[in-house]
Structures are given as C-alpha cells and as structure tokens.
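For reference, the structure discussed in these notes is given below.
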Amino acid sequence: MDKYLISTEATLRDAIAALNALSGDVMTLLAVAPDGRLEGTLTDGDVRRALLAGLDLSAAVKSAMHRNFRSLGADMTVAEIRAARTIGIRLLPIVDADGRVSSIIDLRHQTTRLPIRAMLMAGGRGERLRPLTDSTPKPLLKVGGRPIIDRNIDALRRAGVEDITVSVRYLAEQIEAHFAGTEVRCVRETEPLGTIGACSMLPPSGAPTTLLMNSDLLTNISLEDFYLHHEQQNNDITIATISHMVSIPFAILTTDGDRVTGIEEKPTYTHYANGGIYLIRSEMLRSLQRERRDAPDFIADAIARGAKVGHFPISGLWLDIGTHADFRQAQELMKLTEAENC
C-alpha cells in the first residue's frame, strides 16, 4: 500500500520519481497530509498540467493534486464499490473514521470486497474419476493447466473474500500441502461429514454470511451478483441454481377426475437444479453437530422451520466435474476460453 502514498508536502520532483516507480502499475498516488489524512490524488497528467501552468519541480504535491477524489469508509457497501468500478476507478482508497487510508482496493485485480467467509468442500474421493483420483484428490486435478480448486480460490479472492476454509479428508495431506504457506485454512474431517457437516468446524464468530460450495465446480458465477441478490431479498439461505429444461414430446392433458380441462401440445417445462453453491446466514450453521449432514437436508429443515430460502439462477458457465466426460468437457471449455482471450 505504501508505494501509492505520498505526502502533500513532497515536491513534484519526488512525485515524478514515485510515479516512475509505479511504471506498469496504476499510475496514481494518494496524497496524504502530515497528520495522515487523505487529501487528494496525483497522476502524471496532474504533474504535467502543473508544470505547464508555471509550477516548477520544487512545488509541493498539494499545489497540483486532484482534490475531488473517490474514497469509501470502513462501512462501505458492495453496491458502493460496484459504483466506483462502473465509472472507471482503478484504485479505490478505504479510509478510517479519521480520514486516514486503511487499505486500498486495486479494482483491476479485485472487483469487490464481499463481507462473507467461504467454505469449500474438498473431502470427496471422486470415485467416478478413477483412476485419475487414485493418487490425486479431485480438487487438485488440473483443468487448463491449473488445479480445479485454485480456479475457485482465485474467484473468491477477486471478490475480496479473505476468510477461506477448505474441508479435506481423502488424500488430505496433498491438499494441506498445496495450501501450506497461504492464507487458505484447511480443516480435516476424521469421518465423512456430508456436503455441509464440515461447517460445524467453522468458528462461531466471523462474517455474518457464509458461502458454501463444492470445490470441484467449474463456474464463472458472479459472486457479487449472487451476494447482492441474497442481501436484497433478505434471505436466510440462497441457493445458486441451474435451469434445466424438460421437453415433453406429446400433448399433455390437465384433468379434473375423468374430465379434461385443458390440453397443451408438446410443452417445455423449466426446472431449477441445485448448483452446489450456497449463501447461508452464518448463525444458522451454529446448530450443526460434527456428524454427517447434507446441504439439501439442512435446507429442507430450515424451510420447515420458516427460514426464508431463495434461489439465484446462474446465467454463465457451470459444470460439475464428476465424470470422465465432464473432465474432458472442462478441458475443452478452457481451451476455448483461452483462445477467446488471446
């Protein structure tokens, strides 16, 4: 963070040197007063305009800085970050109650800062992918040259999620070694805990919302849209869903006893399937015991208790890599994606 900060009392010569050091980075400096308060921003364009206006290199940064800048407080919302990103801001300073810079969001690499924690389930054996999974846990199988789980970790980090836990069991030591030295925390299941039971090992404190997902999904779901939908609907649980269309090749009757009340020729019905990604009010997870528990059963019980459960349709890529055919399809999708990005 310090490389972006410069004193308002520094000279324009100092500013040019600092900007030069940022070559290839965001060429913007944050000008802070001697007491640490953020007072402006400075770009190489601001320096050029100051020199053309007659200032010399010994002039203070405060004489050339841009005072109408965008910053957010510690109570920032996801919507505010999105608004800043939408108008093209690349470096977004976060200030404390005294106006001092506490952190900086580089919106080129981190699109938002979701106030959630994440649990990725990575303990399964991947039986249908044998022999690939005989010696390698499925989350570490490479798709497009990278482990599947790393693609999901990167998506979380781009969304500003810092509290990430991975539950492991089968070939656990490989996944633990993979994340050794990183900020990703691994928790080991001593017995199978199902698709949500491992959340019983999360600390009771932390973010008010928990994202739970299978680690072997290949998806480009917008985590920001998912979270905003969850909050706007005031849901206790939101399930990411995949639309599944079923076409009936016959005329379907609606009946009342033996009386036909309607007929529809070859109708198509849309159903929503569970995508294996959930946003859950963290407080609800405190009831979990360290025993096998699957997410659908947990959600069904929550609905029975009156919890508000909604769903969020995934509009982009979603692939559950469960079989060899899925694995081959994932590889082809990555080749296409890389070709489009070239």
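The values are calculated or read from the model by the stated rules, or taken from the named source; none is laboratory data. Every value quoted in this text rests on a predicted model; they were computed, and no experiment measured them. In this analysis, Cβ positions are derived from the backbone assuming ideal geometry, glycine residues included, and neighbour counts consider all displayed protein chains.
Considering only segment 192-211, state which residues are in contact with a Gly (Cβ under 9 Å, 6 or more places away or on another chain) and either under 30 Å from Glu80 (Cα atoms) or part of a loop (DSSP other than H, G, I, E, B) (or both).
Pro192, Leu193, Thr195 - these are the residues of segment 192-211 that are in contact with a Gly (Cβ under 9 Å, 6 or more places away or on another chain) and either under 30 Å from Glu80 (Cα atoms) or part of a loop (DSSP other than H, G, I, E, B) (or both).
Would you confirm, using the coordinates I've provided, whether Ala307 is in the same structural domain as Gly126 (by TED's automatic domain parsing) and exposed (fewer than 13 other Cβ atoms within 10 Å of the Cβ)?
Against the criterion (in the same structural domain as Gly126 (by TED's automatic domain parsing) and exposed (fewer than 13 other Cβ atoms within 10 Å of the Cβ)), Ala307 does not qualify.
Could you list all residues from segment 298-335 that are in contact (Cβ under 8 Å) with a residue 24 or more places away in the chain and part of a helix (DSSP H, G or I)?
Listed by number, the residues that qualify are Phe298, Ile299, Ala302, His324, Phe327, Ala330, Gln331, Leu333, Met334, Lys335.
Six or more apart or on different chains, Cβ atoms under 7 Å: show the pairs whose first residue is in segment 240-252 and closer than 15 Å to His271 by Cβ and whose second is of a type in the set (Lys, Arg) and surrounded by 12 or more Cβ atoms within 10 Å (Cβ to Cβ).
Hits for this filter: zero, empty list.
Here are Leu92, Leu120: which of them is assigned by TED's automatic domain parsing to the domain that holds Val161, of a type outside the set (Val, Ile, Thr) and under 30 Å from Ser215 (Cβ atoms)?
Leu120
Considering only segment 70-170, give the strands (runs of 3 or more DSSP E) lying wholly within it that have at least 2 residues that are closer than 26 Å to Gly276 by Cα.
116-122, 164-168
Determine if segment 162-173 includes at least one residue that is modelled with pLDDT of 95 or more, within 14 Å of Leu217 (Cβ to Cβ) and out of contact with any helix residue (DSSP H, G or I) (no Cβ under 6 Å at 6 or more places or on another chain).
yes
Please specify each residue of segment 1-34 satisfying the condition of being within 15 Å of Arg108 (Cβ to Cβ) and in contact with a helix residue (DSSP H, G or I) (Cβ under 6 Å, 6 or more places away or on another chain).
Once the filter is applied, which keeps residues that are within 15 Å of Arg108 (Cβ to Cβ) and in contact with a helix residue (DSSP H, G or I) (Cβ under 6 Å, 6 or more places away or on another chain), segment 1-34 yields only Met27.
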